[in-house]
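Have a look at the structure below, then the notes.
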Amino acid sequence: MDENRQHKQEQLEFQTEVKRMLDIVVHSLYTDKDIFLRELISNAADALEKARYIEVSGQQVSACPLEIRIDTDEKAGTLTIRDTGIGMSRDEIIENLGTIAHSGAKKFLETLGQKDSSDVNLIGQFGVGFYSAFMVSDRVELLSRSIHGDNGVRWTSQGDGTYTIEDAEVDERGTTITLYMKKDTAEYADPLRVKEIIRQYSSFVSFPIHVDGEKVNTIGALWLKNKNEVETQDYEEFYKFLAEDYMNPLLHYHFSVDAPLSINAVLFCPAENMEMRGLGQMEHGVRLYSRRVMIRERAEDLLPSWMRFLRGVIDSDEIPLNISRETMQDRLLMQKIGRVITGRFLSYLDELSRKDPEAYLVFYKKFGVFLKEGLAGDSEHTEKLLKLLRFEISDGEAEEMVSLDEYLDRGDEPLEAIYYISGSSRNAIEQGPYLEVFREKNIPVLYSYEGLDDYVLSMAGAYREVSFVSAESADLSLEREMKLMTEEEAVALAQWMAGALGEKVTDVSVSRRLTGSPALVKNPSGIPSNLERWFSMMNQEVPRSPKVLEINPDHGLIAKINELREKDEDRARRVADQVFDNAMLSAGLPVDIQEMVNRMNGLLEESLSEQA
C-alpha cells in the first residue's frame with residue numbers, strides 16, 4: 001500500500017479469534033493486573049531493540065534517542081507510554097492488532113484448546129501482551145509512526161470487539177499508547193505506583209525508562225556484562241538493590257553459559273544466615289528473567305529448596321512460560337536449567353574452597369547446613385555436596401576443619417572406612433568411651449556436632465567408594481590379655497548383667513575396644529545415638545529401642561561388680577543399673593533422672609554407712 005496515501009477514519013472489527021482471545025486475556029488469564037505495565041514496557045523494549053538493529057546495520061533512518069517515556073495524569077486518569085522504536089504503519093497496525101497474522105491469537109487459542117489454560121506458552125511467542133492493557137482501561141489509544149515512513153496512524157479501541165483507525169500527525173518515529181483507566185484501576189495513573197511496578201519488574205530493561213521526566217531504571221543488567229568489566233563495588237550496589245539489604249554480600253558468583261542452554265546469572269550469598277538467628281525459614285531470593293524482563297520474583301520452582309539462601313538473577317531467552325509469564329510450562333527444560341545452575345554453583349564453591357579456603361570456611365560455618373540439607377534430598381549432586389563438607393578431626397587442633405578428601409589422604413595407608421562420631425562438643429566427644437580404640441590404633445575420626453550430619457552421611461553411604469561408619473558401631477577390637485578376670489569370668493558377668501538389666505538391653509558383651517571406660521552402649525540397629533536424638537528434636541517418632549551394653553573387664557568398677565554379685569546381688573544389680581545409665585549419658589541419650597538420683601543416693605548412703 002502507498003505510504004503517502006491519505007486515509008479517513010475507519011471502524012473495523014477484530015477477527016473472531018482476536019475477540020475471543022481479548023476476552024480471555026482481560027477477564028480470566030492474568031491474576032495480577034500489574035502485569036499489563038510489564039507487558040507494554042517489554043513490547044516497547046522489543047521495538048527499540050529492532051530500531052537499534054536497523055540503525056547499526058547502516059540503514060538511513062531518522063535519528064532518535066532509544067528510550068521509553070511514561071507520563072501519568074491522575075486528574076484525567078491516564079497513563080501514556082512512549083517509545084522511539086521501530087513503530088508501525090497503518091497496514092502493520094491492522095495486521096498486528098486486528099488480525100491473527102502477527103498477534104499470535106490463533107496459535108494462542110489453539111494452545112488453550114490443547115492444554116489447561118493455566119499451562120500455556122510464552123506470551124512473547126504469541127505477541128498478545130498488548131491486549132493486557134484492557135484489563136485496567138476503558139479505552140486504549142495508540143499513535144504510531146514507522147521507522148520507514150512519514151505518515152502517522154491513530155488506533156483506538158474500547159476492547160468491545162471493534163477499533164477505529166485513521167491518519168494522524170506524529171512528529172517522530174515510534175509508538176505512543178495512552179490508557180484511560182477504569183474507575184477501580186485509577187491507582188495506575190499514580191506516578192509512585194507506576195515507579196514501584198517498574199522497579200519490581202523492569203528495573204533492568206536495557207533502555208532508559210523515564211516516568212514524568214525521572215529515570216527509574218538506574219541500575220543496569222549487571223548479569224549481562226562481562227564479569228571482567230564489573231567492579232566489586234558494582235556487585236555490592238547491585239546486591240543491596242536486589243536483596244534490599246544494607247550489608248555487603250558474603251560471596252558472589254557471576255557466570256554465562258551458551259551450552260547446553262543459554263544462561264546469564266549472578267548469584268549472591270548474604271552476609272548472614274537468618275535461619276540460624278531463629279527468624280524462620282528463608283524464602284527463595286533468586287529472580288527469574290527473560291530478556292531482562294522479570295518473570296518470577298522468586299524462582300522456587302527452578303532451584304532446589306536448599307538453595308533458598310541465595311539472592312540474584314537468572315536470565316535466559318529459552319525459559320518457557322505460560323501466556324502470562326506466571327506459570328512454568330516446560331517442566332523438563334526448567335529442571336535442566338535448574339541442574340545447570342546447581343552444578344555450576346557447587347563447582348564454584350569447590351573452586352573457592354581450593355583457592356581461598358579461609359573464605360570458604362567462613363561461608364561453610366554460616367551456610368554449610370544448607371549443603372547438608374541438599375544431601376538429604378538431592379541425590380543427583382551427592383558427590384559434589386559431599387566434597388564440600390568440612391569436619392573437625394580427632395588428630396587435629398580444635399576448630400581445624402578438613403574435607404573428606406583430606407581425611408582419606410591424611411595417612412600413608414588407605415583407610416577401610418570414613419569414621420565419624422557425633423556429640424554436643426569436642427570435649428564431650430573426647431571424654432566419652434568411643435574414641436579409645438581409635439586412639440590405640442591411631443585412626444583419625446571426624447567430629448560431628450549436628451544430628452543432620454549423621455543422617456546425611458548414613459544416607460550417602462560412601463565417598464570415593466569408602467563407606468561411612470559411625471565410631472559408635474565400628475567393629476574394631478584390640479588384641480590384649482585380661483588382667484582383672486579370666487575370659488570365662490567376664491563372659492559369665494556379661495550374662496548376669498544382661499539378666500539384671502532386663503528389657504533395657506538386647507545383649508551385654510565383653511568389649512575388646514575399651515581401655516579406660518567401664519562400659520559403652522550401642523544401638524543394635526547401628527543407628528548413631530546422635531541421629532536418634534536428632535530425630536527426636538525433629539518431632540519424628542523414634543522408638544526407644546533396647547541397647548547393647550559392652551563392658552570393659554579390665555576396669556576396676558566392672559571387676560568390683562563381679563565380686564559384689566556373689567556377696568550382695570541386690571546392690572550389684574543397682575550398680576549395674578548405674579553403669580548402664582552412665583553409659584547412656586556418655587552417649588548423649590536420655591535416662592530417667594529421678595530414678596538415677598534416687599539410686600545414687602541409696603548407694604552413697606550405703607557406702608558411707610560402711611565407712612562409719
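Every number in this text was worked out from the coordinates using simple rules, so none of it is lab data. None of these values were measured; they are calculated from a predicted model. Cβ coordinates were reconstructed from backbone atoms using ideal geometry, including for glycine residues, and neighbour counts include every protein chain displayed.
Debye sum, Cα scatterers, segment 222-361, no solvent: what log₁₀ I/I(0) at q = 0.14 1/Å?
Ignoring solvent entirely, the Cα scatterers give -0.66.
Hey, fewest Cβ within 10 Å first, where do Tyr364, Tyr449 land in order?
Least crowded to most crowded, the residues run Tyr449, Tyr364.
Helix 331-355 sits at what angle to the longest principal axis of the chain, using alpha carbons and giving 0 to 90 degrees rounded to 10?
60 degrees
Sorted by average packing, counted as other Cβ atoms within 10 angstrom per residue and highest first, what order do 433-439, 182-188, 276-282 take?
Numbers: 433-439: 20.3, 182-188: 13.9, 276-282: 9.4.
Ranking the peptides 433-439, 182-188, 276-282 by packing returns 433-439, 182-188, 276-282.
How high is the FRET efficiency between Glu318 and Lys441 when r is their beta carbon distance and R₀ equals 51 Å, given to the nearest 0.05? Could you put the intermediate results ahead of the total?
On the way: r = 56 Å, r/R0 = 1.09.
For R0 = 51 Å, the calculated efficiency reads 0.35.
What percent do you get for the relative contact order of segment 389-470 when only Cα pairs under 8 Å and 6+ apart count? Write down the numbers at each step before the final one.
On the way: 99 pairs, mean separation 28.9, N = 82.
Across segment 389-470, relative contact order equals 35 percent.
Could you state the angle between the C-alpha long axis of helix 487-501 and the longest principal axis of the C-alpha atoms of the chain, as a value from 0 to 90 degrees rounded to the nearest 10?
Rounded to the nearest ten degrees, it is 60.
Give me the percent of Cα-Cα pairs in segment 389-470 that sit more than 21 Å apart, rounded to a whole number. All intermediate terms of the calculation are to be shown ahead of the outcome.
Numbers: 693 of 3321 pairs.
Above the 21 Å cut-off, segment 389-470 has 21 percent of its Cα pairs.
Based on the Cβ-Cβ distance from Arg199 to Glu605, what FRET efficiency comes out when R0 is 56 Å, to the nearest 0.05? Before the final figure, lay out each step's value.
Numbers: r = 76 Å, r/R0 = 1.35.
For Arg199 and Glu605, the calculated efficiency is 0.15.
With everything on Cα atoms, drop me the angle between helix 35-56 and the longest principal axis of the chain, reported from 0 to 90° to the nearest 10.
70 degrees
Give me the lysines in straight-line cross-link reach of Lys441: C-alpha distance below 23 Å, same-chain residues under 8 apart excluded.
Those lysines meeting the cut-off are Lys483, Lys522.
Report, to one decimal in Å, the Kirkwood hydrodynamic radius for the chain based on all distinct Cα pairs.
Numbers: mean 1/r = 0.0335 Å⁻¹.
Final number for the Kirkwood radius of the chain is 29.8 Å.
Counting only DSSP beta bridges with both residues in segment 178-314, tell me the antiparallel percent, nearest 5.
On the way: 16 of 20 bridges.
Taking every DSSP beta bridge within segment 178-314, about 80 percent pair in antiparallel fashion.
If each of Lys8 and Glu231 carries a label point 7 Å out from its Cα toward its Cβ, how far apart are those two points in nm?
6.4 nm
Any idea how far apart Glu383 and Glu563 come out in nm if each label point goes 7 Å out from Cα toward Cβ?
Inter-label distance under the simple model: 6.0 nm.
Treating cross-link reach as a plain straight distance, find the lysines whose alpha-carbon is under 26 Å from the alpha-carbon of Lys183, omitting any fewer than eight places away in the same chain.
Result set, ordered by chain and number: Lys19, Lys33, Lys75, Lys195.
Go through Lys366/Lys387; Lys225/Lys366; Lys215/Lys240 and tell me which ones have a Cα-Cα distance over 22 Å in this structure. Mind showing how you got there, number by number?
On the way: Lys366/Lys387 17 Å; Lys225/Lys366 30 Å; Lys215/Lys240 19 Å.
The answer is Lys225/Lys366.
Report the FRET efficiency, 1/(1 + (r/R0)^6), for Asp73 and Glu244, where r is their Cβ-Cβ distance and R0 is 30 Å, rounded to 0.05.
On the way: r = 30 Å, r/R0 = 1.01.
It comes out at approximately 0.50.
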